[in-house]
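Quick notes on the structure that follows.
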Amino acid sequence: MKKKLLSLSLVAVMALGVLAGCSSSKTEEKPAEETEAETVEGTGEKYIIATDTVFPPFEFTNEGGEFVGIDVDIINAIAEDQGFEIELQSLGFDAALLAVQTGQADGVIAGMSITDERKEIFDFSEPYFDADVTMAVAAGSDIATYEDLAGKTVAVKTATNGADYAKSIADQYGFSIVEFKDSPTMYQDVIAGNTAACFEDYPVMAFNIQQGAGLQIPEGMTAAGTQYGFAVAKGENAELLEMFNTGLANIIANGKFDEIVDTYTK
Ligand code: GLN
């Protein structure tokens, strides 16, 4: 994607000036428009941002059929603050990560935890949200500890750090694991009694329970604290990452960030 910029005419490249080194998805299809958009504040570039499908309160479709959430509002507020355009693609978590790795998308915002392992393949923004991983069980279940999972099957979501965490303790507690592509399907499997528990990010599980999901969090069952960050492929889209960080600092300073979080959590 980045390399495509080289295909711009020399004139266009000169017009881009100092921005010539940056990545753009838009240049792939319409290099001509690219130069026009440069004149306003920011870069005016359009970036493809990948996200999850159903991960409330971070991204989800509300009753009015709009795709909303903390991540959605944050990336839009930052884009506005920094003067760039975004095209949000709701792909699912593992698909979103893959899209960025393969250059199909420029960045990912999906309640994505900053981990050392991921830092090998992604560059992360400053953290913007704290999230522990928690075990959750069907409402009324008597499963209360990891020991209770012995001989049982546990549901996890593909490519998440909740899945990694469950895998890291599976042998120790003697449970097996089944993977799901998205959070709602994983919850349903637990509610249906096919699996004894699932592992999910605490803020997401708490939100779903508050919204009436038939699940509960056994006491003391949160662990593996992480922080969420916006990510780009390692070594790519440095300018986008920088704008994200600057915009994030700005919306934290002007109160917009808290306003967004409050909208979804109060
Ligand atoms: N925070 C978790 C992770 O990064 C889950 C993210 C998600 O499911 N969208 O792995």
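Every read-out reported here was derived from the displayed coordinates using simple, explicitly stated rules and does not represent laboratory data. Please read these numbers as outputs of a predicted model, since none were measured by experiment. Glycine also receives a Cβ, built like all others from the backbone with ideal geometry; neighbour counts cover every protein chain displayed.
Some points to look at:
- Residues satisfying the criterion are present in segment 127-135 (criterion: more than 13 Å from the ligand (Cβ to nearest atom) and buried (at least 16 other Cβ atoms within 10 Å of the Cβ)).
- Boolean, Asp201 is touching a residue at least 40 places away in the same chain (Cβ under 8 Å), surrounded by 15 or more Cβ atoms within 10 Å (Cβ to Cβ) and not aliphatic (A, V, I, L, M): yes
- Filter result for Asp123 (within 13 Å of the ligand (Cβ to nearest atom) and closer than 30 Å to Phe257 by Cα): no
- Lone qualifier among Asn250, Asn194 - being farther than 24 Å from Asn62 by Cβ and in contact with an Asp or Glu (Cβ under 9 Å, 6 or more places away or on another chain): Asn250
- Every condition in (1) under 24 Å from Asn62 (Cα atoms); (2) of a type outside the set (Asp, Glu); (3) away from the ligand (no atom under 13 Å from the Cβ); (4) in contact (Cβ under 8 Å) with a residue 24 or more places away in the chain is met by Tyr228 except one, and the failing one is (3).
- Subset of segment 58-99 that is part of a loop (DSSP other than H, G, I, E, B) and in contact (Cβ under 8 Å) with a residue 24 or more places away in the chain - its residue that is nearest to the ligand (Cβ to nearest atom): Phe58
- Within the option set Glu200, Glu219, being within 11 Å of the ligand (Cβ to nearest atom) and under 19 Å from Asp148 (Cβ atoms) holds for one residue only, Glu200.
- Number of positions in segment 165-191 that are assigned to a helix (DSSP H, G or I) and of a type in the set (D, E, K, R): 3
- Out of Phe180, Phe175, sole residue that is within 11 Å of the ligand (Cβ to nearest atom), without any contact (Cβ under 8 Å) to a residue 40 or more places away in the chain, surrounded by fewer than 22 Cβ atoms within 10 Å (Cβ to Cβ) and of a type outside the set (Gly, Ala, Ser): Phe180
- The residue list Gly111, Gly107 contains one member that is touching a residue at least 40 places away in the same chain (Cβ under 8 Å) and more than 10 Å from the ligand (Cβ to nearest atom), which is Gly107.
- For segment 92-100, the criterion of being small (Gly, Ala, Ser), touching a Phe, Trp or Tyr at 6+ places or on another chain (Cβ under 9 Å) and surrounded by 22 or more Cβ atoms within 10 Å (Cβ to Cβ) is met by no residue.
- Count - residues of segment 117-164 that are touching a residue at least 40 places away in the same chain (Cβ under 8 Å), in a loop (DSSP other than H, G, I, E, B) and among the acidic types (Asp, Glu): 2
- Qualifying residue in segment 145-155 (condition: near the ligand (Cβ under 10 Å from one of its atoms) and buried (at least 18 other Cβ atoms within 10 Å of the Cβ)): no
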